Amino acid sequence: MEDAMTDIDTALAASRDAVDEMIRAGQQSGAAWNAPRAPGKWSPSQIVEHVARGLEEGANVAVGRPSKVTMLPAVVRLIGRFIFKRVLQKATFPKGFKAHKALNPASGPATPAEGRIRLQTAHQKWDEVCRRIAADGRPMTTTFGSLPVQDVVRFSELHTRHHTKQMAAPVGTELLERPLADANG
């Protein structure tokens with residue numbers, strides 16, 4: 001049990017670090033906070049809202065509260081689990097990976113300061129739920145099925161880092177399938 005709690009502490013610290021990086025990116029966005037980088041792309045404000053919703057809805061699903069994110073059918077859940085594991089192995093999201101409609105924001109926090117509060121509040125809820133599940137020694141219920149809580153936290157961390165890169169990246173570069181270190185190999 002102690003190892004599981006150490007693992008969750010480490011995973012949640014990395015998740016919190018990813019949220020802090022996103023907060024810094026939001027604060028540095030200046031006048032671009034509410035401006036999409038290109039047609040069809042999200043603004044930094046919308047990205048923050050998307051990540052905050054993901055944390056909140058993930059916590060809701062995990063504890064059985066009503067969620068805007070519905071459970072996937074069994075066959076789709078198998079495909080989703082494959083993608084989930086691929087994201088963990090490669091530490092990157094596949095090109096063209098789309099969010100659940102409930103997580104697509106029309107708008108987000110009005111200012112970077114409001115975005116900071118929004119992310120911190122959502123992450124605190126996420127942290128509490130994940131610690132409770134880890135302390136109980138049980139898997140976490142997700143739209144991909146039951147999974148180890150540390151893996152779900154790592155997925156969330158990678159999701160946050162993926163979107164933080166988008167907040168500052170020139171259009172198109174955020175969709176690279178491979179990490180930059182692997183781009184030439």
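Derivation of every value follows stated rules applied to the coordinates shown; laboratory data play no part. These numbers come from a predicted model, not from an experiment. Every residue, glycine as well, gets a Cβ built from its backbone with ideal geometry; the counts of neighbours run over all protein chains shown.
Points to keep in mind about this one:
- Checked against the criterion of being surrounded by 19 or more Cβ atoms within 10 Å (Cβ to Cβ) and within 19 Å of Val149 (Cα to Cα), the candidates Leu55, Leu78 yield just one match: Leu55.
- Scanning the stretch 59-80 for residues being in contact (Cβ under 8 Å) with a residue 40 or more places away in the chain and closer than 24 Å to Gln120 by Cβ gives a total of 5.
- Each residue in the stretch 1-58 was checked for being assigned to a helix (DSSP H, G or I), among the small types (Gly, Ala, Ser) and free of Cβ contacts under 8 Å to residues at least 12 places away in the same chain, and 3 pass.
- The condition of being within 16 Å of the chain's Cα centre (by Cα) and polar (S, T, N, Q) does not hold for Thr70.
- Scope the stretch 104-155; condition surrounded by 15 or more Cβ atoms within 10 Å (Cβ to Cβ) and under 17 Å from Arg77 (Cβ atoms); matching residues: Pro139, Met140, Thr141, Thr142, Thr143, Phe144, Gly145, Leu147, Pro148, Asp151, Val152, Phe155
- In the stretch 65-83, the residues that are assigned to a loop (DSSP other than H, G, I, E, B) and touching a Phe, Trp or Tyr at 6+ places or on another chain (Cβ under 9 Å): Leu72
- Test: residue in the stretch 81-93 that is without any contact (Cβ under 8 Å) to a residue 40 or more places away in the chain and touching a helix residue (DSSP H, G or I) at 6+ places or on another chain (Cβ under 9 Å): yes
- Restricting the stretch 30-50 to residues that are among the small types (Gly, Ala, Ser) and surrounded by fewer than 20 Cβ atoms within 10 Å (Cβ to Cβ), the residue that is nearest to Asp136 (Cα to Cα): Ser43
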